[in-house]
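> Below are the structure tokens for one structure; questions will follow.
The values are calculated or read from the model by the stated rules, or taken from the named source; none is laboratory data. All of these numbers come straight from a predicted model, not from anything done at the bench. Cβ coordinates were reconstructed from backbone atoms using ideal geometry, including for glycine residues, and neighbour counts include every protein chain displayed. Ligands, DNA and RNA are excluded from the accessible area calculation, which covers all protein heavy atoms including side chains. Shrake-Rupley method; radii C 1.70, N 1.55, O 1.52, S 1.80 Å.
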Amino acid sequence: MEKELNPFIAAVYKDPSHFCDREKETQQLIEFAENGTNITLFAIRRMGKTGLILRFFNEFLHKKDTICIYIDILSTQNLADFINQLATAIYSKFPKNKQFSKQVLAFIQQFRPTIRFDELSGSPTLSFDIANPIQQQQTIHSLFQFLDNQKMKVVFAIDEFQQILEYPEKNIESILRTYIQQLKNTTFIFCGSNQKMMHEIFNSSKRPFFASCSTLQLDHIPENLYSEFILRKFEENKKTISSECIAFICKWTKLHTFYTQYFCNILFARNKKNNTLDDAYLAALHILKVSEPVFYQYRNLLTDAQWKLLKAIAKAEKLEHPTAKDFIQEHKLGTPSLVTRSLQSLLNKEMIFYNSSVAKPYYEVYDKFLMRWLQMH
Ligand SMILES: Nc1ncnc2c1ncn2[C@@H]1O[C@H](COP(=O)(O)OP(=O)(O)OP(=O)(O)O)[C@@H](O)[C@H]1O
Ligand SMILES: [Mg+2]
């Protein structure tokens, strides 16, 4: 294989050869899509939800009977933005010269969109000038129905879906739920980085989306599979990496996907032919050094009590009982009620997460590099 720049991607998804494992999850998504089951994808931040959706879409690249559409609605602030995003995604999906695409274009053009092209990438952005709420809802309905009426399967992924909770319009969940229910050939994947808000939408019995989807919980990639992947990528590029070095990476980043990828990216970028445990130590120190200014900023943004608790959680790595007497005494955290309040703030600020999907639920610091840095200070 030809030498490449850096095989460890810590940004947007590239292709299956740069993607580690997730075979079972990809298969599961295929089955859901084939059965027309809507899915909610849950995982802590930076575990690989978006990557998995794009990896799954890869399976349909050459299948002419399925259209896969992905939208990320993080930047949308209201229903009008949502419609524009939806229409842009549909419009961009089809090459302009095919017969079917002409139908799509003709359909979209009836709403008289303004089409702008990005100066750098040349990619189009559509915007509709529809202010009337009823018309807005009808437009969403028509866009979904139009796709659903083509003689094809449609898989529609909406990423950062929790963003709909920020819209000023209050009935979005029930509108979307109603339209989605009416579709026959379209499967949805809902995904979002804010777990609390996503749980609110899908797991609260009073809300429209309750019990409407199957859930896929994305966990850590098993160590043996990640280790094989790391080894393979180094070897493909004519470099060696010792098993101690790989074991250190997996442990130090706790196999939290983004941090593992980022670590490997930095180690690989050092461009050593043979990578040993000492090289892993140097890469770790480098990462902590360049991240330090951000860590100090975090400290300035937190109260002393929150910072102390964060440090204590980092030292525990996995903390099951934050208000236990021994823990509070050991780290001089004050009263249990102060700990409870600080804990809530740290959760709200997403400095820590609570993993409740295991037999013994625990708290953990989100950013693995911050966790390692706090352990040393
Ligand atoms: N299986 C994988 N193999 C290799 N790289 C991966 C894998 N899964 C994710 N990544 C990479 O890890 C990083 C984080 O993944 P991703 O953005 O998909 O996470 P996420 O769960 O969507 O995060 P967020 O909650 O912030 O939206 C990305 O750079 C992605 O390309
Ligand atoms: Mg994501």
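> Which entries in 24/93; 251/318; 153/184; 311/332; 24/360; 14/151 show an alpha-carbon gap greater than 20 Å?
On the way: 24/93 27 Å; 251/318 13 Å; 153/184 9 Å; 311/332 11 Å; 24/360 24 Å; 14/151 29 Å.
Result: 24/93; 24/360; 14/151 exceed 20 Å.
> Could you tell me the relative contact order of the chain? Use alpha-carbon pairs under 8 Å, at least six residues apart, and round to a whole percent.
RCO, the chain: 19 percent.
> Let me ask something additional. Can you work out the accessible area per residue across the chain, with the rest of the protein chains kept in place, probe 1.4 Å, in square angstrom?
Details: 19270 Å² over 377 residues.
In whole numbers, the chain has 51 Å² accessible per residue.
> So for the pair residue 325, residue 205, with labels modelled 7 Å out along Cα→Cβ, what separation do we get in nm?
The two pseudo-label positions are separated by 3.8 nm.
> If you wrap a convex hull around the Cα atoms of region 93-234, how much volume per residue is inside, in Å³?
On the way: hull volume 28.5 nm³, N = 142.
Spread over its residues, the Cα hull of region 93-234 gives 201 Å³ apiece.
> Could you tell me which GluC sites (Glu not before Pro) in region 115-186 are loop residues by DSSP with no more than 15 other beta carbons within 10 angstrom of their beta carbon? Don't skip to the answer; put the middle values down first.
Details: sites: 119, 160, 166, 169, 173; in loops: 119, 160, 169.
Sites meeting the loop and neighbour criteria: 119, 169.
> Restricting to bridges with both residues inside the chain, how much of the DSSP beta-bridge set is antiparallel, in percent to the nearest 5?
30
> Over all directions, average the projected area of the Cα convex hull of the chain and note it in nm². Show your work: numbers first, answer last.
Working: hull surface 87.1 nm².
Approximately 21.8 nm², given one-decimal rounding.
> For region 47-173, what is the charge dipole size about the Cα centre, in debye to the nearest 20, if Lys and Arg each add +1 at the Cβ and Asp and Glu each add -1 at the Cβ? All intermediate terms of the calculation are to be shown ahead of the outcome.
On the way: 13 positive and 13 negative charges, 148 e Å.
Using Cβ point charges on Lys, Arg, Asp and Glu, region 47-173 gives about 720 debye.
> Turning to a different aspect of this structure: Considering only protein heavy atoms, what is the solvent-accessible area of residue 340 at a probe of 1.4 Å, reported in Å² to the nearest 10?
Around 70 Å² of this residue is reachable by solvent.
> Continuing with the same structure: What does the highest-first list of 322-330, 82-90 look like by mean Cβ count within 10 Å? Could the numbers behind the result be given before it?
Numbers: 322-330: 13.9, 82-90: 21.0.
Peptide ranking by packing, descending: 82-90, 322-330.
> Of all trypsin sites (Lys or Arg not before Pro) in region 69-171, which ones are in loop regions per DSSP and have a Cβ with at most 10 other Cβ atoms within 10 Å?
Details: sites: 93, 96, 98, 102, 116, 151, 153, 170; in loops: 96, 98, 151, 170.
Hits after loop and neighbour filter: 96, 98, 151, 170.
> For residue 289, list the aspartates and glutamates whose Cα falls under 17 Å from its own Cα; do not include residues on the same chain fewer than 8 positions away.
The qualifying aspartates and glutamates are 278, 279, 367.
> Which percent of the accessible area of the chain is formed by carbon and sulfur heavy atoms (probe 1.4 angstrom)? Working shown, then result.
Numbers: 9960 of 19270 Å².
Accessible surface attributable to carbon and sulfur in the chain totals 52 percent.
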